[in-house]
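Enquirer: Right, I'll just put the structure down here and ask away after.
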Amino acid sequence: MEDLCPHSLELTQKMDYGLTRRRGVLLRLFCGLLIASLSRVDSAGLAEELHERISGTAGDVLEDDPVGRLKVFVYDLPAKYNTHMVDKDPRCLNHMFATEIFLHRFLLESPVRTLNADEADWFYVPVYTTCDLTSNGLPLPFKAPRMMRSALQYLSRTWPYWNRTEGADHFFTVPHDFGACFHYQEEQAINRGILHLLSKATLVQTFGQRFHVCLKEGSIVVPPYAPPSRMQSRFIPPSIPRSIFVYFRGLFYDPGNDPEGGYYSRGARAAVWENFKNNILFDISAEHPGTYYEDMQRSIFCLCPLGWAPWSPRLVEGVQFGCIPVIIADDIVLPFADAIPWEKIGVFVNEKDVPNLDKILTSIPIEQILEKQRLLANPAMKQAMLFPQPAQPGDAFHQILNGLARKLPHNVSIYQGTGEPALNWTAGPPGDLLPWVGDKDS
């Protein structure tokens, strides 16, 4: 295995721009990591390590089984709110917001589903608010509030369950950039706030940031959708060493939506590019190669900086491919934090510290890096980040159910009493009160 070290030496010898003094440190770092990464393949105790039970901040574990702990009633809404959207534009099935589609399908077949609404603990409202796409395949969130309002008006007229709690025992999937604030630009999302009619409901959303108006207390933060089969078909042999220190592919600037460069990624991605585009330790580019997934498996650290929103599919990809995620998004709330110890798995870098990213990563002891890789290798960790079809025990579908089960039993105070103030159906921007175009077409 020592023959890997000359490769590292070759890398360090190319550093003619001020990193020369650290050649010895970098050489030892690469040699140690490369040799240790190969050694772990032959470890006799690997099987036991991979089945270690992982628990998060609340002591919950990924292997918890939600079946038998809750019953869910799925509303049978008119197809214009969900399945007809996919029929019109099947691209919705493959973008990172597709959680709303696949969670609906999962619940229809799940053993926790009940057809008797009177015995339900939770009520699911299947509205596909991200399936109205532009020609470029991007969702148009601006019509989503009208669509959601239309759906809620329908179910409040058709069933008694929404009206008795004003949605406090209902849950929705809102996978937009900023959840139920329904806008992709943070400033606009903050100005809008969460759709008022959803203020009592539980939201299943990819967006998570502490102290932010678009994350309400009690929301369940989930990973974005990434096609499992697409990733699982690209695994390379584990014996191939991780010879790339830091890896990233994606936009650094978004001139189309942010021509002056003041908002996108709050400048974090631009700082990555300007500081490290010529650093031999950083394999970064705006171009996506055909070997993207393979390259992640050859990398030690994978950058996960915020874009328009704090989250991205890179977190899911990094976990699947054993590449330590480097989270650059201040105050981010990561998926299923009750059950996943993200602080032990990833590396968190403040946005203001991006210029020091090379020093931060090279100062992490090899032992800590290997421990993070060991946790990432746990099958339960990988499974929890995926929405496979069909569903599998411990996957992201089951983690959502676990999150709902932990909220039971509901407090009796959720039920509306006579004379209590009701939700204001006319609250929000005037444009949200216009008729939804889907109502005109039906």
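The values are calculated or read from the model by the stated rules, or taken from the named source; none is laboratory data. Predicted model, so just to flag it, every value in this text is computed and none were measured. In this analysis, Cβ positions are derived from the backbone assuming ideal geometry, glycine residues included, and neighbour counts consider all displayed protein chains. To get the accessible areas, we keep the full protein, side chains included, count just its heavy atoms, and leave off ligands, DNA and RNA. Shrake-Rupley method; radii C 1.70, N 1.55, O 1.52, S 1.80 Å.
Enquirer: Here is a list: Glu371, Glu367, Glu343. Which entry is surrounded by fewer than 19 Cβ atoms within 10 Å (Cβ to Cβ), closer than 24 Å to Lys216 by Cα and out of contact with any helix residue (DSSP H, G or I) (no Cβ under 6 Å at 6 or more places or on another chain)?
Expert: The unique qualifying residue is Glu343.
Enquirer: Confirm whether Glu260 is under 26 Å from Ile332 (Cα atoms) and out of contact with any Gly (no Cβ under 9 Å at 6 or more places or on another chain). Give the derivation first.
Expert: Numbers: under 26 Å from Ile332 (Cα atoms): yes; out of contact with any Gly (no Cβ under 9 Å at 6 or more places or on another chain): yes.
In short, yes.
Enquirer: Same structure again: Could you tell me whether the stretch 350-359 includes any residue that is of a type outside the set (Asp, Glu) and either part of a loop (DSSP other than H, G, I, E, B) or at pLDDT below 95 (or both)? Spell out how you get there, then give the answer.
Expert: Let us first name the residues in the stretch 350-359 that are of a type outside the set (Asp, Glu), namely 350, 352, 354-357, 359.
Then keep just the ones that are either part of a loop (DSSP other than H, G, I, E, B) or at pLDDT below 95 (or both); that gives 350.
Yes, some residue in the stretch 350-359 is of a type outside the set (Asp, Glu) and either part of a loop (DSSP other than H, G, I, E, B) or at pLDDT below 95 (or both).
Enquirer: For residues that are in contact with a helix residue (DSSP H, G or I) (Cβ under 9 Å, 6 or more places away or on another chain) and exposed (fewer than 13 other Cβ atoms within 10 Å of the Cβ), scanning just the stretch 275-298, find the one that is nearest to Pro241 (Cα to Cα).
Expert: Among those residues, the one meeting the criterion is Pro289.
Enquirer: While we're on this one: How many of the residues in the stretch 222-250 are within 21 Å of Ile284 (Cα to Cα), among the charged types (D, E, K, R) and under 21 Å from the mean Cα position of the chain (by Cα)?
Expert: The number of residues fulfilling the criteria is 2.
Enquirer: Could you tell me which of the residues Leu108, Leu115 is surrounded by fewer than 21 Cβ atoms within 10 Å (Cβ to Cβ), assigned to a loop (DSSP other than H, G, I, E, B) and either at pLDDT 95 or above or among the charged types (D, E, K, R) (or both)?
Expert: Leu115
Enquirer: Mind listing whichever residues of the stretch 118-136 are open to solvent by less than 20 Å² (accessible area, probe 1.4 Å) and among the small types (Gly, Ala, Ser)?
Expert: Matches in the stretch 118-136: Ala120 only.
Yes or no, residue by residue, for (1) surrounded by fewer than 21 Cβ atoms within 10 Å (Cβ to Cβ); (2) β-branched (Val, Ile, Thr); (3) outside any loop (DSSP other than H, G, I, E, B); (4) modelled with pLDDT of 95 or more:
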| residue | (1), (2), (3), (4) |
| --- | --- |
| Phe142 | yes, no, yes, no |
| Leu152 | no, no, yes, yes |
| Ala180 | no, no, yes, yes |
| Tyr184 | yes, no, no, no |
| Glu187 | yes, no, yes, no |
| Leu197 | no, no, yes, yes |
| Val204 | no, yes, yes, yes |
| Pro223 | no, no, no, yes |
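Enquirer: Could you give me the residue pairs with C-beta distances under 8 Å whose first residue belongs to the stretch 114-128 and is touching a residue at least 12 places away in the same chain (Cβ under 8 Å) and farther than 22 Å from Thr83 by Cβ, whose second residue is assigned to a helix (DSSP H, G or I) and open to solvent by less than 10 Å² (accessible area, probe 1.4 Å) wherever it lies, and which are 6+ apart or on separate chains?
Expert: That search, which allows pairs on different chains as well, returns Asp121/Leu404.
Enquirer: So, in the stretch 307-321, how many residues would count as being over 9 Å from the mean Cα position of the chain (by Cα), of a type in the set (A, V, I, L, M, F, W, C) and at pLDDT 95 or above?
Expert: Going through the stretch 307-321 one residue at a time, the tally reaches 2.
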